[in-house]
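K.L.:
Structure in structure tokens, see below.
The values are calculated or read from the model by the stated rules, or taken from the named source; none is laboratory data. All of these numbers come straight from a predicted model, not from anything done at the bench. Here the Cβ positions follow ideal geometry from the backbone for every residue, glycine too, while neighbour counts run over all protein chains shown.
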Amino acid sequence: MRIELSRYVNRVLGISTNWRNVIVTAGAQHAVKLLSQLLMRRRTVVYVENPTFVETVAPMRFQMARLIGVPIDNDGMNTHELENLVKKYGPGIVYTVPNCHNPTGVLLSRDRRKHLIEIAKRYGLTIIEDDPYTSLYPNTEPTLRSVSDDVIYVGTLSKVLGPGLRIGFVIVGGKLRDDLEKLEQHDFAASTLNQYLVYDLLRRGVADDVVKRARELYPRKLKELVDALSDYLPNTLLFKPSCGFYAFISTKVNAWELLRRGVKQGVLFVPGDRFFIDGTRQDTARLSIGSISIDLIREGVKALRDLITTT
């Protein structure tokens, strides 16, 4: 399976790597948990986009790392502000979702990618690239790992073959690869049966077929969401999503109260305050196109508008 994964990331993501540098995990979140155990201790400085994906920073918090939020805009993480923060707080780890960011959907610009790698080399930063969505879109920038072998790459097949299979992977070399391989073997988290199933799906080209269909479907779904927001909830988008599953909006009202009312009417979203390092902005929400039918997206946004206007 590691050999097939190395071939898959080369074909689909442009990442050239030896299969020995591919470590299989029980999903991407498991991968981040293991990396957190190996790389982070009390007060380890970790720079993250603010907002960022709450579930992956949870194990970092458990390791008592010191999370430093870096502002983000439509061009991704503000790397100039990152450099200023590094000068203030010192070297550490950068955790980033540069393509199809969760929860904002933005892309890290090409200039900022170059700057990020330069900063990492200049100040001795370790970059962890979390990349669940690049394979699903045709318009993304090259992964950081495809540009620099110093980047620790975290990938997953959950969005391609199904979340329930729980197959993720890390691409990394050297001593960290050896340590990660040993640590992963200690917890027996990755199902042998699931690994065999995924190996067979990769070998027979099923994953490639799914990627091809996804690259046709998901851009249409995201455009439908953005267009519906423009029609029914204008000026609520806080970031302009380029790809991925999400749009991040201002709800104008308390999102948790809005969710309690929305559940009764079948309108679901994730309140946005949890994505911020300091838990602020309770007037924000993450909307997802992941599982909803494209035909229901506009109806859902209209229902959300009605909820907001009556709150």
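K.L.:
Restricting to the range 108-129, name every residue that is among the small types (G, A, S) and touching a strand residue (DSSP E or B) at 6+ places or on another chain (Cβ under 7 Å). Working first, answer last.
P.N.:
Applying the first criterion (among the small types (G, A, S)) to the range 108-129 yields 109, 120, 124.
Once the filter is applied, which keeps residues that are among the small types (G, A, S) and touching a strand residue (DSSP E or B) at 6+ places or on another chain (Cβ under 7 Å), the range 108-129 yields S109, A120.
K.L.:
All but one of (1) under 15 Å from R2 (Cβ atoms); (2) not in a helix (DSSP H, G or I) hold for L180; which doesn't?
P.N.:
Exception for L180: condition (2).
K.L.:
Give me the pairs, please: first residue somewhere in the range 35-57 and under 23 Å from G168 (Cα atoms), second residue anywhere and hydroxyl-bearing (S, T, Y) and modelled with pLDDT of 95 or more, beta-carbon distance under 6 Å, and either six or more positions apart or on two chains.
P.N.:
Every condition considered, the pairs that remain are V46/Y95; V48/Y95.
K.L.:
Looking only at the range 277-305, filter to residues that are hydrophobic (A, V, I, L, M, F, W, C) and in contact with a strand residue (DSSP E or B) (Cβ under 6 Å, 6 or more places away or on another chain); which one of those is farthest from R61 (Cα to Cα)?
P.N.:
First pass over the range 277-305, keeping only residues hydrophobic (A, V, I, L, M, F, W, C): 277, 285, 287, 289, 292, 294, 296-297, 301, 303-304.
From the residues that got through so far, the ones that are in contact with a strand residue (DSSP E or B) (Cβ under 6 Å, 6 or more places away or on another chain) too are 277, 285, 287.
On the way: I277: 11, A285: 22, L287: 25 Å.
Among residues in the range 277-305 that are hydrophobic (A, V, I, L, M, F, W, C) and in contact with a strand residue (DSSP E or B) (Cβ under 6 Å, 6 or more places away or on another chain), the one farthest from R61 (Cα to Cα) is L287.
K.L.:
Let me ask another. Among the residues in the range 219-240, are any in a loop (DSSP other than H, G, I, E, B), surrounded by fewer than 19 Cβ atoms within 10 Å (Cβ to Cβ), without any contact (Cβ under 8 Å) to a residue 24 or more places away in the chain and on the phi > 0 side of the Ramachandran plot?
P.N.:
Scanning the range 219-240, I find at least one residue that is in a loop (DSSP other than H, G, I, E, B), surrounded by fewer than 19 Cβ atoms within 10 Å (Cβ to Cβ), without any contact (Cβ under 8 Å) to a residue 24 or more places away in the chain and on the phi > 0 side of the Ramachandran plot, so the answer is yes.
K.L.:
Now a separate question. Considering Y232, Y153, which residue is in contact with a Ser or Thr (Cβ under 8 Å, 6 or more places away or on another chain) and either under 13 Å from H30 (Cα atoms) or at pLDDT 95 or above (or both)?
P.N.:
Numbers: Y232 fails: in contact with a Ser or Thr (Cβ under 8 Å, 6 or more places away or on another chain).
Criteria check complete, one pass: Y153.
K.L.:
Quick check on my filter: what residues within the range 267-299 are among the small types (G, A, S) and either in contact (Cβ under 8 Å) with a residue 40 or more places away in the chain or part of a loop (DSSP other than H, G, I, E, B) (or both)?
P.N.:
Step one: filter the range 267-299 for residues among the small types (G, A, S), giving 272, 279, 285, 288, 290-291, 293.
If the condition is that a residue be among the small types (G, A, S) and either in contact (Cβ under 8 Å) with a residue 40 or more places away in the chain or part of a loop (DSSP other than H, G, I, E, B) (or both), then G272, G279, S288, G290, S291, S293 are the ones that fit.
K.L.:
Could I ask something else about it? Among the residues of the range 171-178, are any closer than 18 Å to Y133 by Cα and not acidic (D, E)? Before you say what the answer is, go through the steps one by one.
P.N.:
Our first condition is that a residue be closer than 18 Å to Y133 by Cα; within the range 171-178, this holds for 171.
Within this subset, residues satisfying the condition of being not acidic (D, E) are 171.
Yes, because at least one residue in the range 171-178 is closer than 18 Å to Y133 by Cα and not acidic (D, E).
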